[in-house]
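I have placed the structure first, in the form of structure tokens, so that the comments after it can refer back to it.
The values are calculated or read from the model by the stated rules, or taken from the named source; none is laboratory data. If you're wondering where the values come from, they're calculated on a predicted model, not measured in any experiment. In this analysis, Cβ positions are derived from the backbone assuming ideal geometry, glycine residues included, and neighbour counts consider all displayed protein chains. When the accessible area is computed, the model is the full protein with side chains, heavy atoms only, and any ligands, DNA or RNA have been set aside. Shrake-Rupley method; radii C 1.70, N 1.55, O 1.52, S 1.80 Å.
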Amino acid sequence: MKPEMLALAAILMAFGVATEAKAENPAHLKQLLETMQCQGCDLSGARLEGFNLSGANLKGANLRGTDLQGANLNEANLNKADMIGASLQDTTLIGAKLHGAVLDDADLSGANLSMAGLVIASLKNANLSEANLIGANLESADLTGANLYNVRQSFANSSSVAIIGGSPYPIDVAGANLRDADLSRANLAGANFSGSDLSAANLAGANLNGSNLAGANLAGANLNGSNLAGANLAGANLANADLRNALLEGAFLPESEGKTPSLSLVNSN
């Protein structure tokens, strides 16, 4: 066997990748590991858990079903990457570029996506529970059916928490840009969106039970049929928001401060 083939075999064996059992292109995998430049590469199904891929260029790469659990993808370029069904549990993606990436059905539980760019990304049915989304840009992202239950900080014992009704909620998505995002039917129970921009967002049927939306911009948002029971909406901008059929039991609504906000509350509970 030629020396270069022996080297490739050694790399694949060291990383626990069986070429006959994987769909990724071995040459592309070798290219990634040697150069960190792999635009448009086929890495589908590859096992890259725990790898340091910080700053890697994976723009447009095929990462379907790829195992990236615990990997370091800080500041990586994943724009327009196909990451459907990828495993990204506890992966760090701080400042990563994910513009237009497809993350449908991906598992991002516990992932750190702080400061990540997810503009027009598709996250349909993705699992984002326990994820850190501080400063993430999710403008026009599609989070239909996504699970953002109890998204929390990477440092759980942070003193920077908001207290709502005696229960601490870690501040993780505070200030996030979710303008025009599709969060319809998403599970957002207990999430903290204080100060976030949710203007014109689609939150129809979303579960926002006990969520913190204090100071959030919900102007023009679609909250039709959403569950806002126990939610904190103090200081929120609800101008032209659609709250028809929304459950508002126990919710803390913003004071009008002498003005009547333009709300659609037809058939609201």
Within segment 90-134, which residues are more than 21 Å from G190 (Cβ to Cβ), β-branched (V, I, T) and part of a loop (DSSP other than H, G, I, E, B)? T91, I94, V119, I120
For segment 65-93, which residues satisfy the criterion of being over 12 Å from the mean Cα position of the chain (by Cα) and among the aliphatic types (A, V, I, L, M)? L68, A71, L73, A76, L78, A81, M83, I84, A86
If you check Q39 against the conditions, is it polar (S, T, N, Q), closer than 30 Å to G210 by Cβ and either outside any strand (DSSP E or B) or open to solvent by less than 40 Å² (accessible area, probe 1.4 Å) (or both)? no
Would you please name the residue that is most open to solvent (accessible area, probe 1.4 Å), looking only at residues in segment 226-269 that are modelled with pLDDT of 55 or more and in a strand (DSSP E or B)? F252
Residue under evaluation Q37, criteria (1) within 25 Å of A126 (Cβ to Cβ); (2) modelled with pLDDT of 95 or more, criterion not met: (1)
